[in-house]
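First the structure, in the form of structure tokens, and then the observations on it.
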Amino acid sequence: MMWRNRFWWRNTVLRIVPDYQLVAAVSLLLAGAFLLGVPKSTLRNHSADYITSYLPAAEGILAGRGPVDESGDALTHHPPGYAFMLSGMFFLGNLLKCDRLQVVRWANAVFFALSSMLLFLIVARHFSLRVAWPTVLLFVMYPINYYMLTQPNAELPFMVALFGAVLCFLECTRNSETVWPALVLGACMASVLYLRAIALFLPFLAAVGIFFSAGPASIRQRLRACALVLFATAVLLLPWQLWVYYKAGETILLSSAAGGSVADGLTLADRDLEALSLPADVRDLVEENRSIRELGSFDAPAQFLWQLRIRPLTVFKFAGLKAVYCWFLTHSGRHEQQLAVLNFFYLTLALLGLWQISKKKGKVFPTASVVTGVVLIIYFWALAFLVMPIFRYLAPVMGLLFIFVSVPILSAWHKCVPASLSVDPLL
């Protein structure tokens, strides 16, 4: 009897507080405890984007000039969403007469709690409640999330928008017969794009996903839902595009940095090549790219195709290294070895979990949910591979990876404890 009532406390708590609210509250408490306990010396800003783009744009918004830099030019290097968020945080900091960055960090704690709650809802509603708890536990224990709490970056707000969009998408696949789910999904997609340009192709992927996984909906209803998603996204992005055209005199889709980002990927930006321990032929390839770029006429696609034609083996080796670097390289070069060990451990468990799920052939979790998680992870991995291969671009989808990590963990737990105390997640 004692064993059967082992989790009485959880059932008692959940009668008072709904499970998703409990997740948000605990996440917020953990984030708050971290911010209160972390030494002040570790709270330094490591974000170059904050200094060069977001800070001037936020101050421009507060001054009534809009998201512009110090020279008055429109913010085109990044989408404006985070600059507007920062301006609100700065206004609150000025109102409370406290440090602006302190307000940003506590806002990050709220975003972290919302991300945890949305991840829980995604897994509980569209995978399994049994998998939701360990997924969220892995997410709130992930050390990179706590590093992001201290930085004025767009990752945590972007995570909230992304998980919200994923939840709306999965709900839309269940109910595409009506108009509102598609419109709400389009609004969520617009919020994602206003925060990070790397999500540029997600609305199109969402439309394709709805068309092929919309359940009992007719072809006409599916096409209407796809069109509404794209329409709502475009309408909400239009004001920003018009403002940029008015200020800059040209059409810039979310970010003007796309070409430079691809060039950064072929030259590894300003990373020390010796520290990366590249093979000699790959190092020569990257140094050649850097030399050509310094001349000022660097066409990244053309350079890649030319090198692929004359040195295919070296290019393939470089591509393989970039694919691996995406999971642990950082802008600052700090803690990369520890990050590599941690992330590749999780990747191994996630692949094991996908293999266990595939053996059940769709009988465990809805196929649309599994495919959505896998496609998003691959999408952000591919985009990080095309530009500068740093883990920052993959961090927002680690919560989705933890869904698949949880499956082998729960299966092992089921085998190690009495049957009355656990349930196999694959049953």
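Counting every C-alpha pair in the chain, the share spaced more than 34 angstrom apart comes to 37%. Pairwise Cα distances in region 242-327 exceed 15 Å for 63 percent of all pairs.
Here the Gaussian network model covers the chain, with springs between Cα atoms less than 10 Å apart; of Val140, Val286, Val407, Val286 fluctuates the most. In this simple spin-label model, placing a label point 7 Å from the Cα along the Cα-to-Cβ direction at both His335 and Phe316 gives a separation of 3.7 nm. Ranking Ala248, Gly209, Ala161 by how far each Cα lies toward the positive end of the dipole of region 154-251 (charges on Cβ) leaves Gly209 at the top. Relative intensity of region 334-401 on a log10 scale, I(q)/I(0) at q = 0.21, 0.24, 0.28 Å⁻¹, equals -0.95, -1.13, -1.30, per a Debye sum over C-alpha point scatterers of equal strength in the absence of solvent. Between helix 367-386 and the chain there is an angle of about 20 degrees, using the helix long axis and the longest principal axis of the Cα atoms. The ranking of Tyr20, Tyr82 by Cβ neighbour count inside 10 Å, starting from the fewest, reads Tyr20, Tyr82.
The slack between Ala412 and Phe211, meaning 0.36 nm per residue of separation minus the straight C-alpha distance, is 68.7 nm.
Look at Leu121, Leu149 and count the other Cβ atoms within 10 Å of each Cβ; fewest to most, that gives Leu121, Leu149. Take the convex hull of the alpha carbons in region 220-376; its mean projected area over all directions comes to 14.9 nm².
Enter the angle in degrees (range 0 to 90, nearest 10) between the Cα long axis of helix 312-325 and the first principal axis of the Cα atoms of the chain, meaning the one along which they spread out most. Roughly 50 degrees between the two axes. Given their separation in residues at 0.36 nm each and the Cα-Cα distance between them, Trp355 and Ala382 gain 7.6 nm when the chain is fully extended.
The Stokes-Einstein estimate for region 172-289, based on a Kirkwood radius over Cα pairs and taken at 25 °C with 0.890 mPa s viscosity, is a diffusion coefficient of 144 µm²/s. When only alpha carbons are used to place a centre, region 174-213 and region 267-318 end up 36 Å from one another. Dividing the radius of gyration of the alpha carbons in region 85-189 by their Kirkwood radius gives 1.06 for Rg/Rh. Taking the number of Cβ atoms within 10 Å of each Cβ as an exposure proxy, the fewest-first ranking of Lys317, Lys415 is Lys415, Lys317. Between the helical axis of 258-267 and the longest alpha-carbon principal axis of the chain there is an angle of about 90 degrees. Residue separation of Leu95 and Phe204 scaled by 0.36 nm, minus their Cα-Cα distance, works out to 35.1 nm of gained length. Cα centroids of region 102-156 and region 379-420: 14 Å apart. Largest GNM mean-square fluctuation among Phe127, Phe304, Phe385, using the chain with Cα springs under 10 Å: Phe304.
Any read-out appearing in this document is the output of simple, stated calculations on the displayed coordinates, not a laboratory observation. Computed from a predicted structure; not experimentally measured. Glycine gets a Cβ as well: all are built from the backbone with ideal geometry, and neighbour counts include every protein chain shown.
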